[in-house]
Amino acid sequence: LPWFERIRGVELQNTLADIVFIIQGLFILEILHLKTKYPRITRIIKWYFFIKLLLILTDKALNFAHNDIFIVGFLDFYVDKILFFLLLVSWVIYLATMRTGFYKFIFMGALTILIAFTLMFIFAYFGLGYLLPAWFGGDQRESLYHFMHIAYVADMGFYFTGLAYRDRQAQKDKVLLENDLKLQQLEGEKTKAEFEQHASHLEMQALRAQ
């Protein structure tokens, strides 16, 4: 099959990396509860993801069929990359405003992806692929995408670390709450005992007065 000649590991790898980003983006929208806070912005971002997916699949299908169309490639490579970068910057800025607890790790993951994408763009634009180590791979597109692969792995590490931190923090809060309840209970019993003692003292004084 003629189109099978252009199906290579690099093309499939890049496509999977883009799809992973879309899934991760939808995941972040759910984590941040943006649908409740900013429903219109959330709707726009979801439409962007949908159009991005269509562009990816269309561009790859045309590439495999030896029938490249300039406008599709232009939108997928240039316009989408700019929107992608702006979205990453927006995410990092927004997460920086809530950089506490579990969201601190989500912020670090988003920052890692932004740095990786920026490095990938700089190396591609200035043709600095020759500076990369040999284990990055010989194909320039494949080697440049390794920045994103490393960033995605680091992002997952930050996410699971954040989950462990959140669970540990929830356990600590539970212990503190139980201790506070016990302390309140002891204080209540102490107050009750003092009140009964005071009542007994008044009763004794009343009996003596008679």
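The values are calculated or read from the model by the stated rules, or taken from the named source; none is laboratory data. Please read all numbers here as calculations on a predicted model, not as lab measurements. Ideal geometry is used to build each Cβ from the backbone, glycine not excepted, and the neighbour counts take in all protein chains shown. All accessible areas refer to the heavy atoms of the entire protein, side chains included, with ligands and DNA or RNA removed. Shrake-Rupley method; radii C 1.70, N 1.55, O 1.52, S 1.80 Å.
The table below lists the values:
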| quantity | calculated |
| --- | --- |
| Residue that is farthest from the chain's Cα centre (by Cα) [pool: residues in the range 137-150 that are outside any loop (DSSP other than H, G, I, E, B) and modelled with pLDDT under 70] | Q140 |
| The one condition in (1) closer than 24 Å to Y159 by Cα; (2) modelled with pLDDT under 85; (3) open to solvent by 30 Å² or more (accessible area, probe 1.4 Å); (4) aliphatic (A, V, I, L, M) that L55 fails to fulfil | (1) |
| Unique match (being without any contact (Cβ under 8 Å) to a residue 12 or more places away in the chain, open to solvent by 40 Å² or more (accessible area, probe 1.4 Å) and under 21 Å from the mean Cα position of the chain (by Cα)) among V153, V89 | V153 |
| Of all residues in the range 92-130 being open to solvent by 30 Å² or more (accessible area, probe 1.4 Å) and not in a helix (DSSP H, G or I), the one that is nearest to L163 (Cα to Cα) | T100 |
